[in-house]
Every structure is written in structure tokens, then in C-alpha cells.
Amino acid sequence: MYYNGVETSNWNIPAGGYGPASFTWYNTDGTSVDANFYYTARQNGIFVALAANQITDNGSTQPIRAYTESDRVYLAYVPITFRIVAMSMVTQGGTARIEGATGALTLAYLPRPDDGKAGKPIKVFANMFKANVDFKGVVQSSQLKKPPKPLQWKVWKQAQTEAEGDVKRSLMAGAFDQVQNMYTPIKLANDKTEMIVTLQEHGTPSPDDRSRFKITLTLTGADGTPKPIYMGALIDYCRGTTQAKASEEMVLSAIQALNVLSAQDCIDKYIPGGAQGRRFFDDRKKDDIGGGANVVHGFYQSMRPTRSGFPAMQIDVAYSPYIKTGPLLEVAAEFLGGSRGGGVVAVVASGGPNALDHLDGNGFVKLSRMFLKSKVKVTHRSTDKVYTVVGFTKKPASDIRFEIEGKNGQPDRTVTLPQYFKMQYNLDLRRPRLPCVILGKTTMIPMEFIQVLEINPWPFKMMTPEITSEIIRIATGGGPSQRLNGIRDWRKKLDYNNLPKAKAWGVHIEDQMMEVNARLLPPPTVLYGNNQRQIPRLGAWNLRGTKFVSPGKPLKHWGVLSLDRFFDDAAMGRFVPKLVARLQEGGCPIVTTTPPRMHMNPNEGGALRGIEAAIRAISRQVIDKTGAPPQLLVILGPLRLPGFYAEVKKCAAEKFPKPIVTQYLAVPKINNDRGLDQYLANVAMKIHVKVGGVTHYVVPPKTLDRETMIVGVDVTHPTSQGGGALHPSIAVTVATTDSDACGASVPTPERSRIIPDFANMMFTHMTTFKNNTGAPPAKIYVFRDGVSEGQYAQVVHAEKAAINRAAAKFGPKYQPKITFTICRKRHHMRFFAQGPADADRTGNLLPGTVVDTGVTDPYLFDFYLQAHAGLQGTARPTHYVVVWDDNKFTADKMQELCNALSSTYFRATRTVSIVPHAYYADVICTRLRDIVYVEDGSDTGTVVSSDSGIRNQTREYDPLRFQKKFETCPDFNNMAWYM
């Protein structure tokens, strides 16, 4: 046995199996230490786990790393791994397997250089509750056969009921993750335990063979070895000890086990929501928003390591739309007849739920998309069985015929489905012209005999702006105080400390929120033209009387197009002079003050089919009047009409030889005199940058100079296509490409492609920077959005290597200093003011609030910054994690940089929540989604990405599609066309 090349000796190994072991470690100074281990035989050597000892080498404490061939020592002891080898259905058809896996995080990143000190110290509440853990237990993992996820949980619950003796005690204290892993603090007496359980129906064992399951618990891990979980490693990690840092896998396993434990009681009481098993919803607390939808209230919970010396349970409120529960006939009628269903004309009789009589083609499509995979029960016979909706029959129930076997010597005969239900169940169909619901492979049940259950989330692709607006209204109506009280109420309801399983594990979670130290950073100075200076107050400043920093190209070739039937030429004649005056007031040069105007029907030839023709017509008028294609088209249309805005942007970008820059204005905003000045000011900023101008910048921090390039990166992923072909993801980069790295120039989007090519994208940015300044950037600050916690290591290693490859094209001497920062908005950390002095009028913390202690990671260089003012609900800070830093930032300097950049968003007179370069990349991703993710896939092929068939097909695109299109018009690509 060797440790760092030095041989150890005096091994005391048990004979066979596993058990306590020890060896003596000889230090280089001549002293020695005895180390106690837990041993088990392995194929390639041995596996040992340190009990408590530390090895001291030349006065420094080191984590043990002992190797025999490929084996190593873990800093853990006592807990053993059990594996549920199979939980298989006892049938004649044999067994099958559902694979389950838990993604692992890598915790080893750039260490925190120091704590921030700048700004005014304040105290805030965080939605974190300290957890004390005193646990010595075992991990049991399982593999489960074919039943769907709800059935897995039923099998687990029934196994706890039927088990006896020590096995029962172990299972009753255990936590099951509904996939394959079970965690318990009570070790099973035998290395292998088998049992058969039978699911209940109406309180008695089901006679159906398919309801019997065999469970095998075996003392083994995935690799054939015990896999212990030592909860002390998590505590040590939170205290920042070196030993715990070396046992990252153990820390992650401990967090996973605690998250599974905390979910056990919730699964029985609430509706689980989301893939990670951390969201739960209470169907008893909901808001009816019409159209067959409820907004259901719930919570999010997650155990997290913190710098406080303890892990902490994070709790947040959650809201999600669900399909209403009740008879399908009534729910479908409300959905198809209400605004949530898009106004589909499928209700042909008048009045009440029974108005749903038959469906037209659109109604059938809407219904199929809405209820696909929904959980339902049947009401024509007594059963507790839960079914999954596969689809709807294309024929109405009255037209469905099938053959039934004759009885008592009678011949087989053909019957209609209504006849069958009358004969078999003595039930008459009230709505025979409606289709049947398909359950399973062949079962067809009339809609009137289907009950929709309370566990059906509203499908994402059926979301409408109205539903989103309702969710926001409900979630934010009471401001921070509503969220704060909601979190406290959930903590009280969850009552962790009185749960038997939590007691068995020795887990205690405090009742009160954590109080953490925060600081209020000073705002940056915002600069406009003529050296006008403004200091943001509560995250905002006034544009009145200011000039933009620098003009773009004079606005000569432009036109105005109204696609609103009530906003005619006369209305445009009154509006355009106001727009021109506001642009000129800001310093935007305009040559053509009376641009061509047109009023056209966007629905000529069908819904939205007239938009392309209208844009083509106004473009011709611009050419006729000004002698060149349009620099800009101002398009007036409705405020919230699904698909309208996206179609305008898509047509302008793709339907013409060269893409056209457009500015969309909502007619209701124009017609409302109240707030019109502010609206036009915001529009003026957008138009100014779309013609190449600069609105404002901030006094640069010392960390920015003329040799620095700032890059924003984001990746957007497609939503599920409901079992069809999958769209690839879209990657976007945005960078400053001249000498002012503080945002004085408009960041230009590099080619946004389906297949990411980060090295070439960065090379293009570096080349543009060199062309504009005479040299490639000496420093590169990357702000990366769109990364989950489990992807940090993968992203930084791959993308930093890509930057290095791009730099290598400039020669071996060019080695820019890179700082790579992840910035995340999709998290659940929230902070609350302790008193009115630290809050604005909405109750939110003041802009510039930063937290880098208490609830942050024990090791990472991370912090939470709320740079913006919370206008609605509770402000969400951005979580910044610096994962690579050649530029040697201190905490204060990095926080100052992010806070300053947050005031450079060029279409607002407010600070924004995230560094704008990442924000711009996100905006471009959103724009490109409207262009790329089309339903018909007419310009795409398909390629099978796995052997699972059509459900995993991936759409194939030309990866240079947008590069080719946008580079045909350099002016377009170098403008902020996406704003």
C-alpha cells in the first residue's frame, strides 16, 4: 500500500468478507499514526474507509489518499451500500428493468480569494433553515421493473407494510427516491433480503398477477462494492475542512440522501411536480383562472451546503398551472370554450358544461394536445386504477364498431360502442357524437365516463400569455411580505422535526430563517452625451433632457407599417411626428422625417398569412421613396396576440434576401396618453442602438480597460415535442468588439447556431476586436448563462479550452487572461429586508445588495447580487460563480464589476438583474427560438439519435444557417437587431 509514493505497513486485514481493518502510517518526520478502516474484498485490490484519523505529514494535515492499483481510500465509515437488485413483477413474462441515475455535481472549482468588504453592512433574512444532522446509516439502491412511477411508490409503501422484524424497521426508517435508491439508517441483518409484495385494491390484495412484485435487497453498490455515506463529511464540508473537500462524492451522496428523505412525507401528502422531486403542490389551495385551468400553490425544498458550518434546507413558494379536476366532459368544455383554449369553436350547443356536443378539427387537435398523458379514472365501473390518456379516437363513439364473441351458442356479432355500454353496463351515452378517450393500447372509453384527476400539470406548449400573466399576478400580488409569510407557513406545515423518519435519521431543521450578513454597494455613475452624469436612485434614473452618447447612422431609409385594423393612416400621421421628435431629442440623426406609411391586413389569405406580404409592400415603398432597402421598419400591431410578434420577427429575418431590422410597437401603448412619453423614450433607446448608436455607459471600474473584451454566452433548449422529433439547442455569444469594454459600443451577436462551435465563435469576436483596436484582447471576461449546477465543471473546462484554441490561431505568444463566470437566475435563493431602512417602497431590498457569506458555498468563489429594483413580487438576485480567473479578481472587484455593468443595458434607464452581455445573449436566444423551432420542420431532416425510435429523433439543421443569412448583411449583424 502506498500513499503519495510512500509505503505503509503493519496491515491488519480481516479474513474474507468485510469488517474492521487497520494499518500504520509512517510520517516523513519519523512519527507514526494508526488508522482504522472498514474493509471489503474487491476484484482489483481492496476498498477501505477512514474512520476518524487524520494523517499529518511535515506538520500539515492531509486527506488520506491510499492506492492499490486503481483503488482509493474514502473519508467515511460505518454506512454500507445495499442494492435492491430487482423489484420485478411476478408474471410468466419474465422481468425487465428501468434504469435510473442521479447526476453528480463536481464541487472542486476556483476557491474564494477573500470576502467582500465594500459597501454598507446590513442584515437580511434568507429562505434557508439550518439543519443539524447526526446520522450513521446505510445506502440502499434498487432497480425497478416496468410499472410507471406512481406504481413504484405504491410497491415501496406496500413493502413497508408487509415487511416484518428488522427488515420492517429498516424499511420504515428508509427513504426511497422512486427510481432505484433507498437510504436507511438501520442496517439489514442479511447481505441479501428478498420479499414479495401484493398491491391492494379496495383494501384487499389484488388477485391480478400483475400486482405482485418481488424485491431483492443486496449488500452491494453499482460497482459491486459497499458505497457508504458518511453524513459527517457534509458537516465537515460546510465547515470548510480540507478532508471534506477531498471527499466530494461523499458530500454529494449525503445531500442526495437528505433530499430524498425530506420528500418522503411530501409524496404522500402533496402532488409532486418537476423532474427533480423537489417541488410539491397542494390541490386544496388553488386559484381558478378559467378555461379549465387552476393555479395550484405549492413549495420547493432542497438541502444545500452553506458556509454557516451546517447544511440548510432551502424552502420557497411555488405556483404552477394544473388542469382542473372533474368530469372530462366539463373540463374539456371549459377549456375549449374559454380563453385558455384559444377560443376554439367546438361547443355547438348552448349553455353549461353539457354544451360540449361534438368537436371540429381544431377542437380535436387542441383536446389531443391538452390531455395527452393525463392521469384519469373511469366512472362506468368501480375501480381504483389510474389510467394514462394515450389519445382520442378520430371517429365519434357512435361510429365505433367492433365484434364481440357470441355466448351460449350464439354467433359473433358486430355492435356499436353505445350498444356495448348499454348491454354491458346498462348505461346510455349522452354525447355519442364526441370521440372516445384511448387508454392503453386498445381501450376506448366515452368522454362522459372519464374523471380527470388532480395530478395533471398544464402542458407547457399549451401555455398562453394569459395563463402566464395570471400566475405572475397570483405569485407577486402581495410583494416580498407575501412570499416571506408563505415560506414561513410552509416551514410550519412541513413539520420536519416531528416526522418519524427524520427522527430516525437524527435530522433536525430549525424553525427560523437564517439571518446573514449582506452589504449595499454604491451605485455606479451613468454617463450620457455632453458628459451628462446621473447617479441611479433606487436602481433608476431619468432620461429627460439627456442626449445619447454617440449617434449611429442617420435614419434615412425607413418606413412605418400598421397591422392593426383600427390604427389607420390618419392615426399614423398623428403618431409619427411624436416618434421623430423623441428620437431627435435624444440625438438620433434623422434624414427622412416623413417616412412612407402603410396600413395593411395581417390576416389576408389566412391567420397571420398577410404579414410577409405587408412587410414586402412597405419595403418596396421605402426603396421607391429613399432609393435603398429599409434600414428599419417600425411595425405597429396588437399588444398580446399569440404568435403575432414572433411571426413579424421571423418574416423580417428570414423571408427576404437580406434580413430587415424591425421595431415593433404595441398600438394600445401608443393610444394611451398616460405613460406615452416614457414609452416613446424607451422606444427611442431601442431604435437608436438599432441604427448603430450608443445610448449611455458607466464610469468604468479599474478592472476594465481598452484591452478587455466582455463576452456573454447563453444556450437555449427546446421544449418537449410530445414524443416527436427533438429540436437541437441554440447557442449564442455576444461580445464587446471595440476598445470600450464598459458597454459604450453595441455588443454584436456572433453567429447563433444549432450546433455550438464556441472556438470559432470566439475567434470571430477576437478578430473583430483586433480589427477595431489594432490587437486582440489581452483580457477576456466571459459571463455564461444557461448552466445548471451539475454542468459547471463540464462547461468551464470545455469552453475555456475552446477560447485557448481560438487564441492559438493568433500565434503562440498570444495568451489572453481569461476570467470565466457563471451567472444564474434560475434558482430559489431569496433575501428579505429585516426593516424598512434596507428596503424600497415595494418591500424589496435596495439595488446593489450583495451576499457572499452565510448561505454561499463553503469553497466556491460565488456571491448573490441583486443589482436591480424589484418592480413586481420579490426581487431575485443573480448567483455569480467565478469558475476560472487568470486576472486575479478579489471579491470586491468582481462584485463592483458586475454591479457597474448592470447599469449599461442600452434599452433601459434602470439597472438590470444580470450582466447585460449575458442578458443580450438570452434575448437573442429567445428571438431565434421563434425562427428555429417551427412545428412543420419543412426545411429539416431527421436523424435517429438512439435506438428508441421516433420519440428520440433529433431535427437536423444546417449549423451555418444563420451565419450565412446574417453575414449577407453586415450592417444587420452589427446592429442590435434583436432588441
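The values are calculated or read from the model by the stated rules, or taken from the named source; none is laboratory data. The structure presented is a predicted model; accordingly, all values stated were derived computationally and were not measured. Positions of Cβ are backbone-derived with ideal geometry, glycine not excepted, and every protein chain shown enters the neighbour counts. All accessible areas refer to the heavy atoms of the entire protein, side chains included, with ligands and DNA or RNA removed. Shrake-Rupley method; radii C 1.70, N 1.55, O 1.52, S 1.80 Å.
Per-structure values
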item	result
Check on Leu897, modelled with pLDDT under 95, open to solvent by less than 20 Å² (accessible area, probe 1.4 Å) and more than 21 Å from Arg537 (Cβ to Cβ)	no
Yes/no for Gly610 being on the phi > 0 side of the Ramachandran plot, of a type outside the set (Ser, Thr, Tyr) and in the same structural domain as Phe656 (by the TED database)	no
Cβ pairs under 8 Å, 6+ apart, first in segment 402-430 and without any contact (Cβ under 8 Å) to a residue 60 or more places away in the chain, second among the small types (Gly, Ala, Ser) and not in a helix (DSSP H, G or I)	Asp412/Gly406; Arg413/Gly406
Qualifying residue in segment 640-659 (condition: under 30 Å from Lys547 (Cβ atoms), among the hydrophobic types (A, V, I, L, M, F, W, C), crowded, with 21+ Cβ neighbours inside 10 Å and under 34 Å from the mean Cα position of the chain (by Cα))	yes
Test: residue in segment 384-401 that is modelled with pLDDT under 90, in a loop (DSSP other than H, G, I, E, B) and either under 26 Å from Gln419 (Cβ atoms) or in contact with a Ser or Thr (Cβ under 7 Å, 6 or more places away or on another chain) (or both)	yes
Some residue of segment 261-270 being part of a strand (DSSP E or B) and either touching a residue at least 60 places away in the same chain (Cβ under 8 Å) or crowded, with 22+ Cβ neighbours inside 10 Å (or both)	no
Inter-residue pairs, beta-carbon under 8 Å, first in the same structural domain as Gln815 (by the TED database) and under 19 Å from Ile780 (Cβ atoms) and in segment 886-901, second of a type in the set (Val, Ile, Thr) and surrounded by fewer than 18 Cβ atoms within 10 Å (Cβ to Cβ), 6+ apart	Ala900/Val699
Close pairs (9 angstrom Cβ cut-off, 6 or more residues apart or separate chains): without any contact (Cβ under 8 Å) to a residue 40 or more places away in the chain in segment 514-530, surrounded by 18 or more Cβ atoms within 10 Å (Cβ to Cβ) anywhere	Asn530/Thr546
Odd one out for Glu470, checked against (1) open to solvent by less than 80 Å² (accessible area, probe 1.4 Å); (2) in a loop (DSSP other than H, G, I, E, B); (3) closer than 30 Å to Gly273 by Cβ	(2)
Candidates Ile445, Ile455, filtered to the one that is open to solvent by 40 Å² or more (accessible area, probe 1.4 Å), touching a strand residue (DSSP E or B) at 6+ places or on another chain (Cβ under 7 Å) and under 26 Å from Arg369 (Cα atoms)	Ile455
Residue count for segment 459-496, restricted to those that are of a type in the set (D, E, K, R) and touching a Lys or Arg at 6+ places or on another chain (Cβ under 8 Å)	3
Asp283 vs. criteria of a type in the set (Asp, Glu), modelled with pLDDT of 90 or more and open to solvent by 30 Å² or more (accessible area, probe 1.4 Å)	yes
Members of segment 599-625 found to be closer than 20 Å to Pro659 by Cβ and over 42 Å from the mean Cα position of the chain (by Cα), listed by number	Arg620, Gln621, Val622, Ile623
Residue within segment 584-597 that is out of contact with any Gly (no Cβ under 8 Å at 6 or more places or on another chain), of a type in the set (Lys, Arg) and at pLDDT 95 or above present	no
Matching strands (runs of 3 or more DSSP E) fully within segment 112-180 where at least 2 residues are in contact with a strand residue (DSSP E or B) (Cβ under 8 Å, 6 or more places away or on another chain), of a type in the set (D, E, K, R) and at pLDDT 75 or above	120-126
Residue satisfying condition, being within 24 Å of the chain's Cα centre (by Cα) and either more than 30 Å from Tyr230 (Cβ to Cβ) or at pLDDT 95 or above (or both), within set Ser262, Ser253	Ser262
Residue within segment 800-815 that is at pLDDT 90 or above, in contact with a strand residue (DSSP E or B) (Cβ under 9 Å, 6 or more places away or on another chain) and either part of a strand (DSSP E or B) or of a type in the set (Ser, Thr, Tyr) (or both) present	no
Criterion violated by Arg582 - all others in (1) among the basic types (Lys, Arg); (2) surrounded by fewer than 18 Cβ atoms within 10 Å (Cβ to Cβ); (3) within 29 Å of Asn530 (Cα to Cα) satisfied	(2)
Sole residue being touching a Pro at 6+ places or on another chain (Cβ under 8 Å), under 28 Å from Pro589 (Cα atoms), touching a residue at least 40 places away in the same chain (Cβ under 8 Å) and not assigned by the TED database to the domain that holds Arg929, chosen from Val667, Val689, Val648, Val683	Val667
Any chance Asp283 is over 28 Å from Val378 (Cβ atoms), part of a strand (DSSP E or B) and either in contact (Cβ under 8 Å) with a residue 60 or more places away in the chain or basic (Lys, Arg) (or both)	no
Residue pairs meeting the criteria (Cβ under 8 Å; at least 6 apart or on separate chains; first under 14 Å from Cys651 (Cα atoms) and without any contact (Cβ under 8 Å) to a residue 40 or more places away in the chain, in segment 601-612; second open to solvent by less than 60 Å² (accessible area, probe 1.4 Å) and aromatic (Phe, Trp, Tyr))	Leu608/Phe644
Single residue of Leu527, Leu494 found to be outside the structural domain of Tyr679 (by the TED database), in contact with a helix residue (DSSP H, G or I) (Cβ under 8 Å, 6 or more places away or on another chain) and open to solvent by less than 70 Å² (accessible area, probe 1.4 Å)	Leu494
Residue match in segment 797-804 (condition: among the aliphatic types (A, V, I, L, M) and in contact (Cβ under 8 Å) with a residue 60 or more places away in the chain)	no
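Matching residues to (1) open to solvent by 10 Å² or more (accessible area, probe 1.4 Å); (2) under 23 Å from the mean Cα position of the chain (by Cα); (3) of a type outside the set (Phe, Trp, Tyr):
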position: Gln834; (1), (2), (3): yes, no, yes
position: Ala839; (1), (2), (3): yes, no, yes
position: Leu846; (1), (2), (3): yes, no, yes
position: Thr849; (1), (2), (3): no, no, yes
position: Pro858; (1), (2), (3): yes, no, yes
position: Asp862; (1), (2), (3): no, yes, yes
position: Val881; (1), (2), (3): no, yes, yes
position: Trp884; (1), (2), (3): yes, no, no
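Yes/no matrix, rows are residues, columns are (1) closer than 30 Å to Tyr697 by Cβ; (2) open to solvent by less than 40 Å² (accessible area, probe 1.4 Å); (3) at pLDDT 90 or above:
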residue: Ser903; (1), (2), (3): yes, yes, yes
residue: Thr909; (1), (2), (3): yes, yes, yes
residue: Ser913; (1), (2), (3): yes, yes, yes
residue: Ile931; (1), (2), (3): no, yes, no
residue: Ser946; (1), (2), (3): no, no, no
